[in-house]
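Readers should treat all values here as calculations from the given coordinates under stated rules, not as data from a laboratory. These numbers were taken from a predicted model, which means no experiment stands behind them. We place every Cβ from the backbone using ideal geometry, glycine too, and count neighbours over all the protein chains shown.
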Amino acid sequence: MTRCQLRFVMPWRIDPMYAPRFLAASLLLAAAPLFAAERPAQTREGSPAAQRTAKAFEQAKKDGPLTLHAFLYRMPKGADLHNHLSGAIYAETWIRDAGEDHLCVDPRKLDFTAPTTTGSGEPACTAGEVEASTVPANQHLYDALIDTFSMRTFVPRAGDSGHDHFFDTFDAFHGTSKRHMGEWLDEIASRAAAQNEQYLELMDTPDFSAAAKLAAPMTASLTGDHPDFAALRQQMIDGGIRSSIAEVRANLDTAEADRRRIEHCGQPDAQPACKVEIRYIYQVLRAMPPATVFAQVVQGLEVMAVDPRFVGMNFVQPEDNYVAMRDYRLHMHMLAALRPLYTNNRLSLHAGELAPGMVPPDGLTFHIREAVDVAGAQRIGHGVDIMYEDRPYELLKTMAAKHVLVEINLTSNDVILNIKGDDHPFELYRKYGVPLALSTDDEGVSRIDLTHEFVRAAVTYPLTYADLKQMARASIEHSFLPGESLWQSSTPETLDRPVTACAGQTGNETPRGACAEFISHSEKAQQQWQLEQSFHTFESSF
């Protein structure tokens with residue numbers, strides 16, 4: 001379940017009028033209220049290598065998007081924090097896996113179907129369907145499936161919006177076996193390694209059918225006045241919800257072992273993808289009955305309590321869905337009541353992935369605020385409608401003070417919401433000192449990668465190399481990895497002063513003394529140190 005993008009055509013070719021937007025953005029910010037916080041000071045980059053790199057970036061911008069892409073493809077990008085596993089897989093992979101799973105394809109509906117069983121007990125496709133394994137031999141059908149499973153050639157028209165086409169893709173390629181998950185992890189990690197990403201937090205929804213059955217009798221209690229979420233959670237535990245955890249963990253064990261085998265990790269010919277660290281966000285489907293959502297939340301928190309690979313939780317599915325809108329406040333209070341019962345309770349929420357006209361006006365006024373103030377989300381995914389929230393400037397200052405990062409998905413917001421350029425609050429977030437990190441959302445459906453989003457940001461907004469470097473650092477700073485940060489805290493957030501133990505050492509090949517001791521106890525600091533080494537190597541090439 002997810003959200004994402006546009007066709008494979010680069011966005012600067014779709015809308016070439018980016019240069020005038022720089023002026024428009026400046027005028028917009030100049031008109032903002034005078035109580036806005038100062039823009040955070042950019043990371044101090046005084047070394048000659050960093051200065052040469054910054055100049056090379058400016059020249060690449062002048063030379064055009066292709067040169068800029070080449071520059072940014074090599075640039076260290078840190079982490080992709082908002083990335084749905086199923087949405088990250090390219091359509092070609094789904095077709096190949098469907099063939100291996102002996103699925104069928106309906107050429108009219110352009111989706112996968114399960115084969116029927118013949119009298120002899122053999123699986124077979126029904127009349128009018130074709131075996132998925134034969135699709136690559138039929139280029140027309142192959143192309144049609146790719147277009148259906150992604151935004152590759154999509155053009156909005158009456159009755160078929162980007163929003164609807166995007167979300168419909170997931171039902172179309174649904175049905176392949178999760179035994180391929182190791183292969184999917186390899187695909188995502190290999191793409192990340194190729195463009196100098198080092199860390200991923202992938203959203204995925206483990207099977208929750210048993211938990212949903214346990215919670216089904218709780219419907220009346222959950223929808224009544226003042227539900228006792230803690231007591232209902234205890235009923236779930238007493239009913240045996242923890243018995244599902246072993247299977248969730250075993251399935252992930254198998255997938256990760258398959259990934260390591262595919263990438264030859266630990267062997268002389270280990271692939272670069274082996275170096276990409278992957279953790280998981282437990283994905284809760286929110287467009288479902290309250291009892292089913294509650295079951296997922298409890299199971300997710302229980303899994304997070306015993307498996308450190310699951311570092312956080314997120315709610316997904318379209319935010320404008322009827323059930324998601326109706327139950328939004330219920331979901332926030334559910335999280336507020338349950339998360340304090342667990343120590344590993346980190347939360348990123350899809351909030352504000354809405355635009356005027358999608359829902360009634362009052363539906364735009366409270367989602368981000370309640371995600372931050374009620375549920376206690378440490379990160380917000382999308383956050384596009386923030387200026388339609390009640391008291392938006394106050395909320396922006398609150399997010400900056402609480403260091404709530406916004407996961408920015410520019411292409412996804414364009415395709416699903418038709419929000420881009422000056423209509424996107426990207427520059428307002430920066431003005432108020434709210435931490436930002438670029439992310440892909442669903443790179444397979446969108447036919448993009450993280451470099452694409454860096455290029456789009458650099459072409460659309462007046463960003464410097466230091467700005468992009470700041471966002472790459474922020475992606476690791478706000479990851480849900482355990483441990484203390486390499487950077488001293490500041491408001492606004494600058495990420496330019498290492499902790500005392502590591503002062504003067506950032507960018508060195510190997511940490512020494514007290515710094516080495518500090519980093520050895522923090523997985524987050526280890527990733528941050530790795531990113532600084534990558535920047536040192538990258539900048540030394542100019």
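Odds and ends about this structure:
- Of the two radii for segment 60-114, the radius of gyration is 1.24 times the Kirkwood radius, both from the alpha carbons; that is the Rg over Rh value.
- Anchor Lys109: aspartates and glutamates whose Cα lies under 12 Å away (excluding residues fewer than 8 positions away in-chain): Glu129, Asp168, Asp171
- Calculated on alpha-carbon atoms, Rg and Dmax of segment 38-143 in Å: 24.5, 75
- Per-peptide average of other Cβ atoms within 10 Å, ordering 506-513, 495-502, 232-239 highest first: 495-502, 232-239, 506-513
- Dimensions of segment 347-388 from C-alpha coordinates, computed as largest minus smallest value along each principal axis and given longest first, are 28, 16, 14 Å.
- Using the average count of surrounding beta-carbon atoms within 10 Å as a protection proxy, the listed peptides 247-253, 463-469, 225-231, 172-178 rank, highest first, as 463-469, 172-178, 247-253, 225-231.
- DSSP finds beta bridges in the chain, and of those with both partners inside it, around 25 percent are antiparallel.
- Stokes-Einstein D for segment 392-507, Kirkwood Rh over Cα pairs, 20 °C, 1.002 mPa s (µm²/s): 140 µm²/s
- Pairs from Lys77/Lys420; Lys77/Lys524; Lys55/Lys524 whose Cα-Cα separation, in the structure shown, is over 27 Å: Lys55/Lys524
- Scaling against 2.2 N^0.38 Å puts the C-alpha radius of gyration of segment 144-281 at 1.42.
- Kirkwood-Stokes translational diffusion coefficient of segment 348-430, alpha-carbon pairs, 4 °C, 1.567 mPa s, µm²/s: 103 µm²/s
- Peptide ranges 46-55, 209-218 listed from the most packed, as the mean C-beta count within 10 angstrom indicates: 209-218, 46-55
- Lys, Arg +1 and Asp, Glu -1 on Cβ, resulting dipole of segment 260-337 about Cα centre, debye, nearest 20: 40 debye
- Cα-based Rg / Dmax (Å) for segment 280-342: 11.4, 34
- Partners of Lys61 within straight-line reach, counting aspartates and glutamates whose Cα lies under 15 Å from its Cα and excluding those fewer than 8 residues away in the same chain: Glu453, Asp467.
- Pair-distance distribution P(r) for segment 219-275, from all Cα-Cα distances in 5 Å bins starting at 0: 4, 16, 13, 11, 10, 9, 8, 8, 8, 7, 4, 1, 0 percent.
- Sorted largest first, extent of the chain alpha carbons per principal axis (Å): 75, 57, 53
- Over the C-alpha trace of segment 242-317, radius of gyration and Dmax come out as 15.3, 51 angstrom.
- Pairwise centroid distance, computed over Cα atoms, of segment 341-361 with segment 213-252, Å: 22 Å
- A P(r) calculated from all alpha carbon pairs of segment 266-397, with 10 Å bins opening at zero, reads 12, 40, 28, 13, 5, 1 percent.
- Segment 93-186 - Kirkwood radius from inverse mean 1/r over Cα pairs (Å): 14.2 Å
- Stokes-Einstein D (µm²/s) once Rh is taken as the Kirkwood radius of segment 461-520 over alpha-carbon pairs, at 4 °C in 1.567 mPa s: 102 µm²/s
- Contact order, relative form, for the chain: 24 percent (alpha carbon pairs under 8 Å, 6 or more residues apart, mean separation divided by residue count).
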